[in-house]
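The next block holds one structure in the form of structure tokens; read it before the comments.
The values are calculated or read from the model by the stated rules, or taken from the named source; none is laboratory data. Given the structure is predicted, the values throughout are model-derived calculations rather than measurements. FYI the Cβ positions are ideal-geometry reconstructions off the backbone, even for glycines, and counts take in every protein chain you see.
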Amino acid sequence: MSFWIRNRKKGTITSFSIAPFPLGLMLLILLLAIVIPIITRMANRLVSAPGAAMYRTEANLTAIESAIRAYTDRYDALPPSGKEGLQRAIDELNRDVTFYPEGVPKDGWDRDYIYANSDDYPSEQSLAIKDAGSGLYRNPGGYQLYSVGADGKRGPEDGPMAGDRLNDDNINNWDDKRSWRTIYRRRSQRIRDVRKE
């Protein structure tokens with residue numbers, strides 16, 4: 001294929017040719033168009049493995065806790081419960097440097113974090129969790145920030161997940177031992193064992 005360019009000021013005509021698209025390059029582009037989606041799906045499976053999702057959730061939970069601290073330092077009070085309170089906290093964190101331009105991050109399973117200010121624990125709309133044994137609210141006098149985890153169940157009333165104690169897979173801000181890690185490690189090991197078979 002040939003092209004001509006005419007320069008009116010100089011009164012010249014320049015021609016150049018473009019060779020036809022090489023067959024090898026076309027095949028490479030076609031191969032990439034097929035292989036890239038497959039690699040993407042495989043990567044998504046690895047990222048959504050229980051352990052990876054847990055660590056992503058923990059990291060985001062820690063960042064949200066920093067946002068809540070920033071809000072509390074500025075206003076001398078915890079943000080209100082729910083999504084609106086979390087958004088206010090993230091906005092406070094983003095005040096000087098935008099850490100989360102898209103707002104409150106999701107957990108490792110693409111679900112919203114649950115946040116309850118201790119002032120709202122007794123409220124009917126509150127999603128605060130009570131200890132199954134004592135019946136007392138977890139993290140009294142502070143706040144509850146948690147992900148419902150892989151099973152998507154908030155508390156014992158949502159029903160247990162087979163093989164685990166009642167909702168031990170919730171990733172939260174009050175369990176300093178991070179007892180959920182044992183559950184996710186066990187799940188990840190089961191997946192590895194199945195893949196070996």
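Within the range 65-124, if we keep just the residues that are polar (S, T, N, Q) and under 16 Å from Asn172 (Cα atoms), the residue that is nearest to the chain's Cα centre (by Cα) turns out to be Ser66.
Taking the criterion of being at pLDDT 90 or above and surrounded by fewer than 18 Cβ atoms within 10 Å (Cβ to Cβ), the only residue of the range 141-151 that qualifies is Gly142.
Of the residues making up the range 89-102, those that are assigned to a loop (DSSP other than H, G, I, E, B) and over 12 Å from Ala63 (Cα atoms) are Arg95, Asp96, Val97, Thr98, Pro101, Glu102. Tally time: how many residues in the range 58-92 are free of Cβ contacts under 8 Å to residues at least 40 places away in the same chain, surrounded by fewer than 20 Cβ atoms within 10 Å (Cβ to Cβ) and aliphatic (A, V, I, L, M)? Adding up the residues that qualify gives 3.
The residues of the range 93-119 that are at pLDDT 85 or above, among the acidic types (Asp, Glu) and surrounded by fewer than 20 Cβ atoms within 10 Å (Cβ to Cβ), listed by number, are Glu102, Asp110, Asp112, Asp119. May I ask you to verify whether Ser126 is touching a helix residue (DSSP H, G or I) at 6+ places or on another chain (Cβ under 6 Å) and in a loop (DSSP other than H, G, I, E, B)? Yes, satisfied.
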